[in-house]
Amino acid sequence: MESTINLLLEKTVSLIWGCELNKQNKTFTFKLSDEDKSEHQLALRTVCLGNTAKDEFHIVEIVPQAVEGSDAKPVPIATLKPSILPMATMVGIELTPPVTFQLKSGSGPIYISGQYVALEADYSWAEEEVEEEEEEEEDDTESPPKPVKRPAASKKAGQAKKKKMEKDDEKSSEEEDSPAKRGRGRGRKPAKK
């Protein structure tokens, strides 16, 4: 039992996610609580300009997390302009939180959307096992089921069946002996007179 509890199955939870970058909020950080130990991923789908965006270049970039000994610089993911390219489709950009998005230039609004996927621990199988074990224990305490008795075949039914089979045999032998049946089907032509 202990070895089966140590197995961890994962249940996928997928949600639509989005944020807005504009003149007042130039950065947005997608982060999770520190106590959450399940795996998370953010798959970007689109970056698009709002209908009130000025006709200027808007550059969106991802700011990498500060890691000791790393000299990582922000990575631009989209450059948009309403008259040229108001929306960009993101393919293959899957990020592990925490992720910080920044509006490097332009005033926005810019909408970033994607799919947030979490692999959560699924313990429902363990609960089912406990319920099954409890049911088995309850079954053990009850008396075993009694075997079902089947009624024996009566002699009259057996004799009636035997008589019917004998009648069928008699009919088939009479048909073979009848003269009308003898000549048919043998392929002989009647003799010429």
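The values are calculated or read from the model by the stated rules, or taken from the named source; none is laboratory data. As the structure is a prediction and not an experimental result, all values here were calculated from the model. Surface accessibility is based on the protein's heavy atoms, side chains included, excluding ligands, DNA and RNA. Shrake-Rupley method; radii C 1.70, N 1.55, O 1.52, S 1.80 Å.
Here Glu56 meets the list (1) closer than 17 Å to Ala118 by Cα; (2) in a loop (DSSP other than H, G, I, E, B) almost entirely, failing just condition (1).
Could you please find all residues in the stretch 56-70 being open to solvent by 30 Å² or more (accessible area, probe 1.4 Å) and closer than 18 Å to Lys26 by Cα? Answer for the stretch 56-70, where residues must be open to solvent by 30 Å² or more (accessible area, probe 1.4 Å) and closer than 18 Å to Lys26 by Cα: Glu56, Phe57, Ile59, Val63, Pro64, Gln65. Scanning the stretch 71-114 for residues that are open to solvent by 60 Å² or more (accessible area, probe 1.4 Å), of a type outside the set (D, E, K, R) and assigned to a strand (DSSP E or B) returns Val75, Pro76, Thr79, Leu85, Met87, Thr89, Tyr111. For the stretch 115-136, the tally of residues that are of a type in the set (Gly, Ala, Ser) and either in a strand (DSSP E or B) or at pLDDT 70 or above (or both) stands at 2.
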